[in-house]
Amino acid sequence: MDSRSATQLTQALLRCPSVTPAEGGALALLAGVLEAAGFSVERPVFSAPGTPDVENLYARIGTGAPVLVLAGHTDVVPPGDEARWTHPPFSGEIVDGVLYGRGAVDMKGGIGAMVAGALRFLDANPDFSGSIAFLITGDEEGPAINGTVKLLDWALARGERFDACILGEPTNPERLGEMIKIGRRGSLTGSLVVHGRQGHVAYPHLAENPIDGMVRLVAAVKGTPLDAGTAHFDASNLEFTSLDVGNPASNVIPAEARAVFNIRFNDLWTPQTLAAEIERRCAEAAGNAVRFTLAFEETNAIAFLTPPNAFVAAMQDAIEAETGIRPVLSTTGGTSDARFITRVCPVVEFGLVGRTMHQIDERVPVADLERLSAIYEGVIARWFGVRPSP
């Protein structure tokens, strides 16, 4: 295997069955490659009650500043029915210029491209001024408890300091080079229970129908937009995802009505201020007529933004130089481990086209892998003030 080839390195990673929380050999493979290139490598394992132990990897070369972090995850979601795959999900087969395998897009392809690009940069610039670090977890597709958040705490406790980070998640909708993520919306899930009194539908005066109250509260919660968005974020959005009374009988007024909702929110809100606003709306609509209980799940999915700066511009320049496309700056999509990294340094996300991630026959064109690797190599050079390779 040529570790300077994004394709060969990704292919080797795909052959490691690292379904969360299994390490599957993926981190061991990266450790060997990075150690051979002169990185110091450590593989801390983190634990928490009720969750599986998770292996992680931290590697660094250089002792000075600035420190550029390249981050990602080697764990993947299950392949599903392997019989439905055109090529086995952990075979890493290349057919007609396309590499197949679970994690090809999300995100072993990103890691393979990062490592290959970084090693080529080091080959050309062995005396560069600064440091490169890799922050790789095996717990992004799982609970995200024993992964990046603890790996960051572990590194900071050892005195590590970071100046900027690239997270290699797939960010492009259709073509490589279209989109950089400079932030993410937060996510908050809540449950609403309206309490009534069960009774016979023929005697409504002896019962209290909670469905009426639920309709009233849902209308209050949804009736007014949470905000109008910002310069970099769409408007926050609340969606009810479940509404149920658990009632099999058509002639019985139920005792309770239950609803679940999720809010994807921008950086105008925190989970605390958002919960307070939903509580206010419900209380105002309920008055003395509706009895309800409102609860929110714990969340670490906060909204964050890396404002456009020289680091973001360097990323755009490297992408445009390789693809001819000036990428847009976006905050769309779900959550990622960038929400943890943003508390220690500016972070941007850029990776492959995400159309097949988590699907049967997840795949990536080999040409895209090599272009992505060249982009990473180019942004590393720009970050450290080195003229990019032609």
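The values are calculated or read from the model by the stated rules, or taken from the named source; none is laboratory data. Please read all numbers here as calculations on a predicted model, not as lab measurements. Every residue, glycine as well, gets a Cβ built from its backbone with ideal geometry; the counts of neighbours run over all protein chains shown.
Summary table
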| quantity | calculated |
| --- | --- |
| Output for region 140-181, where each listed residue is among the aliphatic types (A, V, I, L, M), farther than 23 Å from Ala104 by Cα and either buried (at least 22 other Cβ atoms within 10 Å of the Cβ) or modelled with pLDDT of 95 or more (or both) | Leu151, Leu152, Ala155, Leu156, Ala157, Ala164 |
| Lone qualifier among Glu279, Glu320 - being under 30 Å from Tyr376 (Cβ atoms) and over 23 Å from the mean Cα position of the chain (by Cα) | Glu320 |
| Selection within region 317-326 - surrounded by fewer than 21 Cβ atoms within 10 Å (Cβ to Cβ) and not charged (D, E, K, R) | Ala321, Thr323, Gly324, Ile325 |
| All positions within region 151-160 that are in contact (Cβ under 8 Å) with a residue 40 or more places away in the chain and assigned to a loop (DSSP other than H, G, I, E, B) | Glu160 |
| Condition met for Leu268 (more than 30 Å from Phe311 (Cα to Cα) and outside the structural domain of Gln316 (by TED's automatic domain parsing)) | no |
| Every residue from region 350-367 that is surrounded by fewer than 24 Cβ atoms within 10 Å (Cβ to Cβ) and within 30 Å of Pro126 (Cα to Cα) | Val366, Ala367 |
| Region 343-356 residues that are under 11 Å from Phe162 (Cα atoms), paired with ones that are aromatic (Phe, Trp, Tyr) and part of a strand (DSSP E or B) (beta carbon under 9 Å, 6 or more apart) | Arg343/Phe304; Val347/Phe304 |
| Hits in region 292-314 (condition: over 23 Å from Ile180 (Cβ atoms) and of a type in the set (A, V, I, L, M, F, W, C)) | Phe292, Leu294, Ala295, Phe296 |
| Positions within region 246-267 being within 20 Å of Glu208 (Cβ to Cβ), under 38 Å from the mean Cα position of the chain (by Cα) and surrounded by 22 or more Cβ atoms within 10 Å (Cβ to Cβ), in sequence order | Ala257 |
| Filter result (loosely packed, with under 15 Cβ neighbours inside 10 Å and of a type in the set (S, T, N, Q)) within region 9-54 | Ser40, Ser47 |
| Filtered residues of region 118-139 (kept if of a type outside the set (A, V, I, L, M, F, W, C) and surrounded by fewer than 24 Cβ atoms within 10 Å (Cβ to Cβ)) | Arg120, Asp123, Asn125, Pro126, Asp127, Ser129, Gly130, Ser131 |
| Residue satisfying condition, being in contact with a Gly (Cβ under 8 Å, 6 or more places away or on another chain) and among the acidic types (Asp, Glu), within set Glu82, Glu23 | Glu23 |
| Identity of the residue in region 55-106, more than 17 Å from Phe134 (Cα to Cα) and aromatic (Phe, Trp, Tyr), that ends up surrounded by the most Cβ atoms within 10 Å (Cβ to Cβ) | Tyr100 |
| Single match in Ala257, Ala219 (criterion: touching a Leu at 6+ places or on another chain (Cβ under 8 Å) and either at pLDDT 95 or above or closer than 24 Å to Gly333 by Cβ (or both)) | Ala257 |
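Condition check ((1) charged (D, E, K, R); (2) farther than 27 Å from Gly334 by Cα; (3) surrounded by 18 or more Cβ atoms within 10 Å (Cβ to Cβ)) across all residues:
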| residue | (1), (2), (3) |
| --- | --- |
| Trp269 | no, no, yes |
| Glu284 | yes, yes, no |
| Glu298 | yes, no, no |
| Phe304 | no, no, yes |
